Amino acid sequence: MSAASRQVRAWASLLVILNASVVFAGFIAPYAPNEQNRNLPFAGPTRLHFIETTGQFHLRPFVYLVVSTPGSVDKYEEDRSRRYPVRFLIRGARYTIAGFAADRHLFGVEEPAKVFLFGTDQFGRDVFSRLLVGAQISLVAGVLAAGLALSLGVALGALAGFYGGWTDDAVMRIAELFLALPWLYLLLAVRSVLPLHIDPARAFLLLVTVIGFVGWARPARLIRGMVLSAKRRDHVLAARAFGATDMYVLRRHVLPQTAGVVLTQLAVLVPRYILAEVTLSFFGLGVAEPVPSWGNMLAAVQRYDVLTSYWWMFLPGIALSPVFLLYYALANALHEHTALLSS
Amino acid sequence: MKRVVERLLTPALLIAVACAAVAGAPQRAAVRAEDLLVSRAEIGRPGGQLVINQRAEPKTLNPVTAVDSVSGEVIKNTIADLIHVNRETQRAEPALAKAWTMSSDGRRYTVTLRQGLRFSDGDPFDADDVVFSFRVHLDEKAHSGQRDLLTIGGQPIAVRKIDQHTVQFDLAEPRAGAERLFDGVAILPRHLLERFHTEGRLADAWGLSTPAAQMAGLGPFRFKEYVPGERLVLERNPYYWKADRSGTRLPYLDRLVFMPVTSDDAQTMRFQSGEADIASKMTAASFDVLAKARQAAPYKLVDLGAGLDYSFLFFNLNDLGSSKLPDTARKQGWFRQVAFRQAISLAIDREAIVRLVYRGHATPLWGHVPPGNKVWINRSIPQPARSLDRARQLLRAARFSSKPDGTLVDQRGDLVEFSIVTNAGNSERVQMATIIQDDLRQLGINVHVVTLELRALVDRLLKTHDYEACVLGLGNADGNPNTEMNVWLSSGATHLWSPEQSRPATPWEAEIDTLMRRQLTTLDPTARKRLYDKVQELVAQNLPFIFLVSPNVLVGADKGLGNFRPAVLDPHTLWNVEELFWRQKRSSGTP
């Protein structure tokens, strides 16, 4: 196995783990994403302790109860009279994973203490739990939308490249139109004619459809070019001479040639569409509160007081970068891999 | 001969200036002695300018036709009224009127004007300007915002000139606190505006492109220049009719500079960096950010406590007919039940709103008169503590029931679910709606929060009635019940839950109509208070509005600004703009 393909495997499996772990968000998250702790707004990340005030060391980390400083809204003190060890597989809020309901959480502490790894937002909601559950929307939306955009792109690109003539002209002109339109404004206009309330599941589907549908033009142009060159190759012409049908030639000889490019495109498009979800939710076009997504979580950072006072509210933004790096590393490895194959 | 008269007259004027009824007195003599009003504020030093941020750009400088608050903020500094409500004492005080008397039946007011005053272009002011101004404000075609207030018992106030410095006002029926009606009614320069008025083009007069020389007023400042998108500058009116105790003519400041800064956050940053000198109507979040750096900062911040604004949740109680919006009409079956509204009210955690949304800078509310309105509040309005159990009991009694999974259903088995709309630009309202959403989830009610642009929202509320519930706020400009007539009368345009009814839809709305109309004509203050107390009771019992909180008035100003005495009444910081001064000379290049 070549170095390039080993890399592809490594990055791809890391990404699979990442996306799979998002499915278990409800289990990993210690709290329900919309659970408000109204006496703990903008509490900083809970400190994990190993050494007690008496100096005694504990291997199992523990937290103290956090209470708000009297007369202040966002200042807190630890009540060190009792320690609350971090427990694993603790019972808590109910959640569902692929339709199965459960109430065991990976970790947590005994009530009334709380463990907020990434602090809380303005309503006292756990940012860590929201980040994980929000990833379900943001990451999955990216993958689904990229899948949709690529399928449309491959189908239309292949059609245009293979048949040429007026089909080619029509598809490519439409693609150019799609590239030229000012999408954000158009989407804002579309949102205003939709009904006032859209439930989160439908909003999510709508989001994926919109992002995917808008994005087909670029991959379509790429695929068209590949198909155009592939259909003139000798073995394709030979297959035709033997009387192969269009469908057969496309399936057997032309499209496989584009596989490398399609996969690379996928790895490039997913992060771009994750970002699109973030942008759309940021503008209020995505899923609505109280359902978290990275976009609507980041929207809170627009506020000057949040921007200057509560650094942990930036974490959804910071979380984006490792995800993107993984995808770009995969795209890079895929690119090298296909380059190797074709040479 | 003429000279003799002048000589005789001048000392007479100096001794008893109020005695304006010197028949046929030559005007020229009167101009010499100016009836200046002497301010009791700290004596300041002249010079400098004040930079003020605004949410948007003003649309006009015409005091008659301006309707938006941004234009109003600018215009207030260029106009004067006969009788003015002191924002600090909340009492009516003489302004352009030197004195006034009320007849015993409360229907005739005789106002004596200050003599020798001039408009900001130097032209003299007298009773003709007053009569002209009221003619304009009362002219239906002029679309003055003041017209409704000046129409009493269905008839416009009759204005008559007695002599050059005395004007008489006749009311169709007695009106409690009628002198307050004069507050904010701008006295206009007849010599500049009469032409526009007779030609019916008043709305075209005094736009932002009008040359400064064609505008004049009696306020402390006058228009200087307007640079679109950048700034609007007012300059000192050299003829202003107030002076300080040392005899220096007010205002002290040379210029007011208004700059459009659209976002709250940008305004906060500009104030923090000293690019703006004054901050009014700050959000609690901005206030706290600024407060954190207060020790080292060159500004001071003031929390004036509860103001006169109040926010509330209300349901769509409009008569929707049978045609459109069948879904909303079905839900109105719940909304119309008082028990349902009471249950919602009991479930709302007002303390959480105060703490989480306003960071402690607000007061929870159960009635429509906020605690900032000390004169009119009915302190016996019950303030039931939040109780989900009590809310559930009420819902059960109203034949709502819970499904095993906790969701609430009505007697037909329909899920109780509705959306709350609010304006996207107001993050505090959006946050309140988010808290209510979570509160009601605990009753098993599924609430969706939908944010809309303000204009689209108002359109739904007042025109199409296509909404289910809404979080909104209202303010009372001077704390007086009369200014809230259009909210509480069932025929009122701001009777938000069901505006402009041809007849009251419910017995309690009919009763409120009667009480509000009666308090309007009751002269005895205690009797009037009793009537308004009853209105507050009825509102609190029937909850057409489910009251949430009243935000505190939060303001700030540069530490070097003298006579800065912010008030709970609007305009909070600029009500005494003529008295404001800089303690130290500041380098004030033109911005």
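Nothing in this text is a laboratory measurement; each read-out follows from the coordinates by a stated rule. Everything numeric in this text was worked out from a predicted model, so none of it was measured. Every residue, glycine among them, receives a Cβ derived from its backbone with ideal geometry; neighbour counts consider all protein chains shown.
Okay, here's what the table says:
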item	result
Residue mean of other protein chain beta carbons inside 10 Å, B:277-289	2
Label zone at A:Leu14, where the point sits 7 Å out along the Cα-to-Cβ direction: segment A:297-336 residues whose backbone N lies under 18 Å	A:318-336
Per principal axis, descending, Cα span of segment B:467-591 in whole Å	63, 41, 23
Over segment B:100-210, relative contact order from alpha-carbon pairs under 8 Å, at least 6 apart, %	29 percent
Rg/Rh (Cα only; Kirkwood hydrodynamic radius) as it applies to segment B:237-369	1.17
Karplus-derived 3J(HN,Hα), 6.51/-1.76/1.60, for each residue of segment B:149-157, Hz, glycine and proline x	5, 8, 9, 10, x, x, 10, x, 4
Lys, Arg +1 and Asp, Glu -1 on Cβ, resulting dipole of the protein assembly as shown about Cα centre, debye, nearest 20	1060 debye
Fraction of beta bridges assigned by DSSP in chain B that are antiparallel (%, nearest 5)	75 percent
Karplus-derived HN-Hα couplings along segment B:74-90 (A = 6.51, B = -1.76, C = 1.60, θ = phi - 60°), whole Hz, x at Gly and Pro	7, 4, 3, 7, 10, 10, 9, 10, 6, 10, 10, 7, 5, 5, 7, 8, 6
At q = 0.22 Å⁻¹, base-10 log of I(q)/I(0) for segment B:307-377 (Debye sum, equal scatterers on each alpha carbon)	-0.98
Value of relative contact order over segment B:369-503, rounded to a whole percent, pairs C-alpha under 8 Å and six or more apart	18 percent
Per residue Cα convex hull volume in Å³ - calculated over segment B:341-404	104 Å³
Highest-MSF residue in chain A out of A:Leu298, A:Leu186, A:Leu250 [GNM, Cα springs under 10 Å]	A:Leu186
Inter-site label distance for B:Lys161 and A:Arg38 at 7 Å from Cα along Cβ, in nm	6.2 nm
Net +/- balance of residues flanking A:Gly161 in space, Cβ distance below 11 Å, scoring K and R +1, D and E -1	+3
Hull volume in cubic angstrom per residue (convex hull over the Cα atoms of chain A)	184 Å³
R0 of 35 Å, Cβ-Cβ distance A:Tyr185-B:Asp466: FRET efficiency to nearest 0.05	0.90
Charge dipole (segment A:91-249, unit charges on Cβ, about Cα centre) - positive-most of A:Thr120, A:Met226, A:Leu139	A:Met226
Residues B:Val302, B:Val458, B:Val449 arranged by fewest to most Cβ contacts within 10 Å	B:Val458, B:Val302, B:Val449
Compactness of segment A:1-44 as Cα Rg over 2.2 N^0.38 Å, two decimals	1.95
Options B:Asn373, B:Leu313, B:Ala178, ranked by Cα towards positive dipole end of the protein assembly as shown, top entry (Cβ charges)	B:Leu313
Those lysines that a straight Cα-Cα span of less than 23 Å connects to B:Lys300, excepting residues fewer than 8 apart in one chain	A:Lys75, B:Lys281, B:Lys292, B:Lys559, B:Lys585
Charge context of B:Arg455, other residues only, Cβ under 13 angstrom, K/R +1, D/E -1	-1
Lys/Arg +1, Asp/Glu -1 at C-beta; chain A dipole; positive extreme among A:Ala329, A:Tyr185, A:Val86	A:Ala329
Qualifying chymotrypsin sites (Phe, Trp or Tyr not before Pro) for segment B:480-564 [loop in DSSP, other Cβ within 10 Å: at most 14]	none
Distance from segment B:260-277 to segment A:101-164 (C-alpha centre basis), Å	37 Å
B:Thr483-B:His191 FRET efficiency (beta carbon distance; Förster radius 41 Å; 0.05 resolution)	0.80
FRET efficiency, A:Thr209 to A:Leu177 (Cβ-Cβ, R0 25 Å, nearest 0.05)	0.85
Bins of 10 Å from zero: percent of alpha-carbon pairs in segment B:84-220	11, 41, 36, 11, 1
Computed Kirkwood radius, in angstrom, where 1/r is averaged over Cα pairs of segment A:241-303	14.8 Å
Spatial separation of Cα centroids for segment B:113-185 and segment A:22-47, in angstrom	62 Å
Trypsin sites (Lys or Arg not before Pro) within segment B:72-117: DSSP coil, no more than 15 neighbouring Cβ in 10 Å	B:Arg91
Descending Cα extents along the principal axes, segment A:55-195, whole Å	81, 36, 32
Simple label model, 7 Å out from Cα along Cβ direction - B:His143 to B:Ala203, nm	0.3 nm
Length added when fully stretched, B:Ala398-B:Thr526, from 0.36 nm per residue minus Cα-Cα	42.2 nm
Separation in nanometres of the label points that stand 7 Å from Cα toward Cβ, at A:Arg233 and A:Asp199	4.9 nm
J(HN,Hα) series, segment B:37-43, from Karplus relation 6.51 cos²θ - 1.76 cosθ + 1.60, nearest Hz, glycine and proline x	8, 9, 7, 8, 6, 3, 6
Built amide H within the under 5 Å cut-off of A:Leu196, gap 5+	none
For B:Glu468, distant residues with modelled amide H under 5 Å away	B:Ser419, B:Val421
Linear extension gain, B:Lys374 paired with B:Arg390, 0.36 nm per residue minus alpha-carbon span	2.7 nm
Whether segment A:181-334 is rounded, prolate or oblate, judged on the alpha carbon gyration tensor where a/c under 1.5 counts as rounded	prolate
Cα-derived Rg to Rh of the protein assembly as shown, Kirkwood definition	1.06
Loop-located GluC sites (Glu not before Pro) in segment B:155-254, at most 15 other Cβ atoms within 10 Å (DSSP)	B:Glu199, B:Glu230
DSSP bridge orientation in the protein assembly as shown - percent antiparallel, rounded to nearest 5	80 percent
Alpha-carbon centroid distance for the pair segment A:236-282 / segment B:208-249, whole angstrom	69 Å
Rounded, prolate or oblate (a/c below 1.5 giving rounded, otherwise prolate when a/b exceeds b/c) for segment B:473-518 by Cα gyration tensor	oblate
In Å, descending, principal axis extents of the Cα set of segment A:211-284	56, 18, 15
Charge dipole magnitude, Cβ of K and R +1, D and E -1 - segment B:374-462, Cα centre, debye nearest 20	440 debye
Placed amide H near B:Gly425: partners under 5 Å, 5+ positions off or other chain	B:Leu454
Reference-scaled alpha-carbon Rg (2.2 N^0.38 Å with N residues) for segment A:1-135	1.27
Global form of chain B, assessed from the alpha-carbon gyration tensor, a/c cut-off 1.5	prolate
Chain B: DSSP helices with Cα axial extent of at least 15 Å and average Kyte-Doolittle hydropathy no lower than 0.5	B:2-15, B:127-138
Whole-number percent relative contact order across segment A:1-69, with pairs defined as alpha carbons under 8 Å at least 6 apart	19 percent
